[in-house]
Amino acid sequence: MRISVIGCGYLGAVHAAAMTALGHEVVGVDVDAARIAALSDGRAPFYEPGLPELLAETSATGRLRFTTDLSQIAGCAVHFVCVGTPQKHNEFAADLTYVDTAFEGIAAYLAPGDVVVGKSTVPVGTAERLARGLEEVGATLVWNPEFLREGFAVQDTLHPDRLVYGLPEGEAGERGRAVLDAVYATPLAEGVPLVVTDYATAQLVKVAANSFLATKISFINAMAELCEATGADVTALADAIGHDARIGRKFLNAGLGFGGGCLPKDIRAFMARAGELGVDQALSFLREVDSINMRRRVRMVDLAREVCAGSIVGRRVAVLGAAFKPDSDDVRDSPALSVAAQMQLQGAHVIVTDPQAIENARRAWPDLVFAETAEAAAQDADVVILATEWREYRALDPVRLAGLVRSKAIVDGRNVLDPAAWRAAGWTYRALGRP
Ligand code: UGA
């Protein structure tokens, strides 16, 4: 099929390449000329494992191109809208400017019978409004939320754990379904579960899933607070409750909590939308989920202060990690950077390192000081903070690192180090939710 992808960020760039890999002919469009130049060159404009290989493979087919010229979408039968919906300034609600601009922009190039597929995360009710706007041109809207995780985006796009179609009623819905079935013929043939539903449900599925994940993380972080008050160990607690198949061990890793461009803003936009719908009470628990999550960052700074004998003023602090999670260079609402910045504001000399995200981190926080390696960051440190659990940080040798720092103190913000090994090497080891 001939497909266009509007918006080539973390979602759209991967989607465009993946749709090519599934055998389609794809044009990706973005307003960011630098991003399009990189993609046109077959280079990934951000760090995502597997994407460079996928781009190389799919660019070579001659069926994938990228452009800043929206008119190039004319002639495509399917148009995926993959633009961002960030949080509004000073408000919980989602900013729909990019979505609205995309829909206004594509309208001029649509032909009757085209199918427009919404992938952006939007407040429930948005699809219904956008569909009305497409009626005039005779195009059909399908809402097809995306569940990819950064770091696993290629795998999640080519082999999703489910597909959801939100369809209008009647013939338009049937047409929308047939077109998406053709687009996703390969994953569907592999047995990927498909849920076919209405617009409202499809939009809610996405925010409900992210809210559940956020709640699971904040639940275990609340347990971490209890563990800290009682001398219990939250990692053992998570292992034990995780053995119950109804609970499951995934997303029960206590620590610095969730960040990124999705979970934090999605739960807030969901609360804002519930308020508009007059059902704010239904989601008031998400306010608590958010608060628990934010408290972890404060607690992290407090722990660092404790190991620095009550004051971080003038202390040298090495922060390992800037990305919001490993295997990503994304620093949007990164707990690691939030902790680093708080400590710097409180008078510490903070040096941040990250294997992939330094450039983005420097752009977001130009006043922070960065080092290329963990060793360089840890040089003469009074305390080392593990904030993002990159593989190389999990594998750090406590004996070797001991030779670099001024004071052997480490705070494990992700509960991934072996306390016994670090203590045996003479370190003061502290963690969130562990004795
Ligand atoms: C999340 C969802 O997992 C995806 O399904 C969804 O498609 C995506 O948002 C989106 O809406 O686009 P992502 O933001 O890539 O994906 O990251 P996650 O893997 O969900 O991690 C989110 C945050 O939670 C990270 O900061 C991570 O460190 C933290 N986390 C995760 C924990 O603190 N503990 C855990 O046990 C798991």
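The values are calculated or read from the model by the stated rules, or taken from the named source; none is laboratory data. Given the structure is predicted, the values throughout are model-derived calculations rather than measurements. Because the Cβ atoms are built from the backbone with ideal geometry, glycine has one as well, and the counts that use them run over all protein chains shown.
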Go through (1) within 28 Å of Ser211 (Cα to Cα); (2) free of Cβ contacts under 8 Å to residues at least 60 places away in the same chain; (3) crowded, with 21+ Cβ neighbours inside 10 Å; (4) among the polar types (S, T, N, Q) for Thr121 and report which single condition fails.
(2)
Assess whether Thr186 counts as being among the polar types (S, T, N, Q), at pLDDT 95 or above and away from the ligand (no atom under 16 Å from the Cβ).
yes
Considering region 316-346 alone, what residues qualify as being crowded, with 23+ Cβ neighbours inside 10 Å and away from the ligand (no atom under 16 Å from the Cβ)?
Val317, Ala318, Met343
What about Gly257, is it within 16 Å of the ligand (Cβ to nearest atom), within 20 Å of Phe219 (Cα to Cα), in a loop (DSSP other than H, G, I, E, B) and free of Cβ contacts under 8 Å to residues at least 24 places away in the same chain?
no
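Condition check ((1) more than 16 Å from the ligand (Cβ to nearest atom); (2) farther than 21 Å from Gly75 by Cα; (3) under 28 Å from the mean Cα position of the chain (by Cα); (4) in contact (Cβ under 8 Å) with a residue 40 or more places away in the chain) across all residues:
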{"site": "Ala111", "(1), (2), (3), (4)": "yes, no, no, no"}
{"site": "Phe147", "(1), (2), (3), (4)": "no, yes, yes, yes"}
{"site": "Gln155", "(1), (2), (3), (4)": "no, yes, yes, yes"}
{"site": "Leu158", "(1), (2), (3), (4)": "no, yes, yes, yes"}
{"site": "Leu180", "(1), (2), (3), (4)": "yes, no, yes, yes"}
Ile6 under 21 Å from Pro160 (Cβ atoms) and β-branched (Val, Ile, Thr)
yes
Right, Arg305: under 14 Å from Leu432 (Cα atoms), within 10 Å of the ligand (Cβ to nearest atom), in a helix (DSSP H, G or I) and of a type in the set (Lys, Arg) or not?
no
Being farther than 30 Å from Val83 by Cα, more than 16 Å from the ligand (Cβ to nearest atom) and of a type in the set (A, V, I, L, M) narrows it down to one of Ala229, Ala224, so name that one.
Ala229
Of the residues in region 235-252 that are touching a helix residue (DSSP H, G or I) at 6+ places or on another chain (Cβ under 7 Å) and assigned to a loop (DSSP other than H, G, I, E, B), the one that is farthest from the ligand (Cβ to nearest atom) is Ile247
Is it the case, given these coordinates, that Asn360 is within 15 Å of the ligand (Cβ to nearest atom), assigned by TED's automatic domain parsing to the domain that holds Met300 and over 27 Å from Leu252 (Cα atoms)?
yes
Has region 382-402 got any residue that is under 25 Å from Arg295 (Cβ atoms) and in a helix (DSSP H, G or I)?
yes
Taking Lys265, is it crowded, with 19+ Cβ neighbours inside 10 Å, within 11 Å of the ligand (Cβ to nearest atom) and among the basic types (Lys, Arg)?
yes
For region 363-396, name all the residues that are out of contact with any Phe, Trp or Tyr (no Cβ under 8 Å at 6 or more places or on another chain), within 16 Å of the ligand (Cβ to nearest atom) and touching a residue at least 60 places away in the same chain (Cβ under 8 Å).
Ile385, Ala387, Glu389, Trp390, Arg391, Tyr393
Exactly one of Gly75, Gly42, Gly9, Gly28 is part of a strand (DSSP E or B) and not aromatic (Phe, Trp, Tyr), and that one is Gly28
Please tell me if Glu128 is within 27 Å of Ala272 (Cβ to Cβ) and away from the ligand (no atom under 16 Å from the Cβ).
yes
